[in-house]
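The values are calculated or read from the model by the stated rules, or taken from the named source; none is laboratory data. Quantities reported herein were computed from a predicted structural model and do not represent experimental measurements. Ideal geometry is used to build each Cβ from the backbone, glycine not excepted, and the neighbour counts take in all protein chains shown. Accessible surface is based on the protein model in full, side chains and every heavy atom, while ligands, DNA and RNA are left aside. Shrake-Rupley method; radii C 1.70, N 1.55, O 1.52, S 1.80 Å.
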Amino acid sequence: MKNILIIGATGQIGSELTMKLRSIYGNDHVVAGYIAGAEPKGELAESGPSAICDVTDAPAISEVVKKYGIDTIYNLAALLSVVAERKPMLAWKIGIDGLWNVLEVARENNCAVFTPSSIGSFGPETPRDHTPQDTIQRPRTIYGVSKVTTELLSDYYHNKYGVDTRSVRFPGLISNVTPPGGGTTDYAVDIYYSAVRGEQFTCPIAAGTYMDMMYMPDALNGAVQLMEANPDRLIHRNGFNIASMSFDPNGIYQMIKKYVPDFKMVYDVDPLKQSIADSWPNSLDDVCARQEWDWNPTYDLESMTRDMLEKLALRLK
Ligand code: SER
């Protein structure tokens, strides 16, 4: 039986991944790691153990790992791209100094480690369409710089010390549970809240800007499936391109309008977000993930839209 620590368990991914892992491995086997001020609440707090676990505090991580006999760490602590541009040193401290801490604890305690990379690990020189698994990675954002470093450092720990590191390059993640904070792709979440509230949506990203996106259930399945994958089949490790849909603001708007005919959207382009979006690919080629660990997402834009509108309507009622 696995004993899992999630660092960043109350964040956008962590809040849902913790519950999913508890349903698979048992509530007592999944520790929700959080920082002061972001304590778990409700079901997340009540369904299993939790512990203060700041990624910048190596002794604290080590203590939690030893106390709970942890063998797998999902390291989800990060600043998203827009916030990171405003606080580059903090982004590095959390993303890279934090990762060193996690990897060292993992090496000492023989833990497997999952740390997300991102479509943000690519830059303007990267082939934009069907971006290959192995290609140019020269990002212009500190978020991207830290994600490329994450991939390299994670591979380094695998090659040098045999630490079982694995990761995926997540696209923009869309969910109806915990909202993202400070990402370039956040508009694709916010738009559903406006639609369900009956408000006009002001889009910060220009029409014609395509980015890969994914519905959270597929993203969670991907993370778990990769960590369960037979290592003998893995040619790559950090990190795999994964993809399920790519659209521009007009594409998601038109899809929502199909179900909410009165919905209105206007544009007020945010220069920072737009410049970040312009430096990222339009769509990734995920053939290696499909071949090496059977990645196979289930949601497309239409099925995600139906589910988002239905779930948010119930929640925001
Ligand atoms: N969703 C992230 C962001 O927009 C990209 O991985 O920053």
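The residues of the range 120-173 that are polar (S, T, N, Q) and either within 16 Å of the ligand (Cβ to nearest atom) or at pLDDT below 95 (or both), listed by number, are Ser121, Thr126, Thr131, Gln137, Thr141, Ser146, Thr149, Thr150, Ser167. Listed by first and then second residue, the pairs with beta-carbon distance under 7 Å, at least 6 apart or on different chains, first residue in the range 71-92 and β-branched (Val, Ile, Thr), second part of a strand (DSSP E or B), are Thr72/Ile4; Thr72/Ala112; Ile73/Leu5; Ile73/Ile7; Ile73/Val113. For the range 288-298, taking the residues that are in contact (Cβ under 8 Å) with a residue 24 or more places away in the chain and open to solvent by 60 Å² or more (accessible area, probe 1.4 Å), the one that is farthest from the chain's Cα centre (by Cα) is identified as Asp294.
Residue-by-condition table, conditions (1) over 21 Å from Asp278 (Cα atoms); (2) among the basic types (Lys, Arg); (3) part of a loop (DSSP other than H, G, I, E, B):
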position	(1), (2), (3)
Leu153	yes, no, no
Asn159	yes, no, no
Leu173	no, no, no
Thr185	no, no, yes
Ala188	no, no, no
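Within the range 107-116, is there a residue that is modelled with pLDDT of 95 or more, more than 23 Å from Thr209 (Cα to Cα) and of a type in the set (Lys, Arg)? Yes. Scanning the range 121-135 for residues that are surrounded by 18 or more Cβ atoms within 10 Å (Cβ to Cβ) and out of contact with any Leu (no Cβ under 9 Å at 6 or more places or on another chain) yields a total of 3.
One residue stands out in the range 90-119 among those that are within 25 Å of Ile70 (Cα to Cα) and part of a strand (DSSP E or B): the one that is nearest to the ligand (Cβ to nearest atom), namely Ser117.
Here is the figure for the range 198-235: residues that are part of a helix (DSSP H, G or I), small (Gly, Ala, Ser) and loosely packed, with under 15 Cβ neighbours inside 10 Å total 0.
Quick check on Ile13: is it farther than 27 Å from Asn176 by Cβ and either in contact with a strand residue (DSSP E or B) (Cβ under 9 Å, 6 or more places away or on another chain) or buried (at least 20 other Cβ atoms within 10 Å of the Cβ) (or both)? So Ile13 does not fit the description; no. Looking across the range 174-183, the residues that are open to solvent by 10 Å² or more (accessible area, probe 1.4 Å) and either near the ligand (Cβ under 10 Å from one of its atoms) or free of Cβ contacts under 8 Å to residues at least 12 places away in the same chain (or both) come down to Pro180, Gly181, Gly182.
The condition of being in contact (Cβ under 8 Å) with a residue 24 or more places away in the chain, more than 17 Å from Tyr74 (Cβ to Cβ) and more than 14 Å from the ligand (Cβ to nearest atom) holds for Arg197. For the range 273-317, a tally of residues being within 15 Å of the ligand (Cβ to nearest atom) and hydroxyl-bearing (Ser, Thr, Tyr) returns 3. Set side by side, the residues Leu309, Leu316, Leu284 differ, and just one is surrounded by 15 or more Cβ atoms within 10 Å (Cβ to Cβ) and more than 19 Å from the chain's Cα centre (by Cα), which is Leu309.
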